[in-house]
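Let me begin by presenting the structure, written as structure tokens, before commenting on it.
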């Protein structure tokens with residue numbers, strides 16, 4: 001079973017990326033944030049690592065790829081829920097990044113989850129229960145990921161977008177961020193830390 005691939009990005013499609021490992025080219029289906037990341041950052045002749053979920057269904061096999069180990073594990077958790085297959089799991093992680101989904105589940109925000117196509121109230125409640133049950137694990141994984149991929153987490157724009165997804169006013173969030181910058185000697189080091197600190201102050 002494939003769990004990680006390293007190679008050059010040979011092509012980028014609408015729903016997938018293609019990785020050339022030297023002898024074999026793999027098509028890997030990914031959330032939109034992964035596609036957007038490589039559209040902006042992939043460089044010719046550079047190698048990249050992708051965490052893989054290797055899905056088997058009958059005689060068919062598909063590879064699903066993620067930049068972070070935590071996102072792959074969240075995907076793995078989501079698709080174990082009744083009524084959610086890999087396609088819908090990918091759709092969820094295309095609308096929400098890992099931190100946003102954790103915060104939505106923490107706040108029991110069924111309304112936001114049901115805005116995603118094909119997610120009803122019952123399914124949203126199941127997702128919230130499962131993610132909350134494993135929230136500490138995902139937060140630890142996020143902190144680990146931020147050290148490996150600092151360029152993904154360093155931009156405060158992602159913090160702002162995450163808070164807006166949770167329903168917070170943009171102006172208020174910016175005020176809190178400025179307050180933290182002015183009053184703290186040691187600033188949060190990644191997106192997950194920033195969001196936690198903003199939630200404490202807001």
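The values are calculated or read from the model by the stated rules, or taken from the named source; none is laboratory data. On a predicted model such as this, the values are computed, not experimentally measured, just so you know. Cβ: placed from backbone, ideal geometry, glycine included. Neighbour counts: every protein chain shown.
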Residue that is surrounded by 17 or more Cβ atoms within 10 Å (Cβ to Cβ), within 18 Å of residue 195 (Cβ to Cβ) and in contact (Cβ under 8 Å) with a residue 12 or more places away in the chain, where the choices are 110, 128, 92: 128
Verdict on residue 82 being in a loop (DSSP other than H, G, I, E, B), touching a helix residue (DSSP H, G or I) at 6+ places or on another chain (Cβ under 8 Å) and over 27 Å from residue 199 (Cβ atoms): yes
Residue check, residue 69 buried (at least 16 other Cβ atoms within 10 Å of the Cβ), modelled with pLDDT of 90 or more and under 17 Å from residue 52 (Cα atoms): no
Residue in the stretch 29-47 that is assigned to a strand (DSSP E or B) and over 30 Å from residue 125 (Cα atoms) present: yes
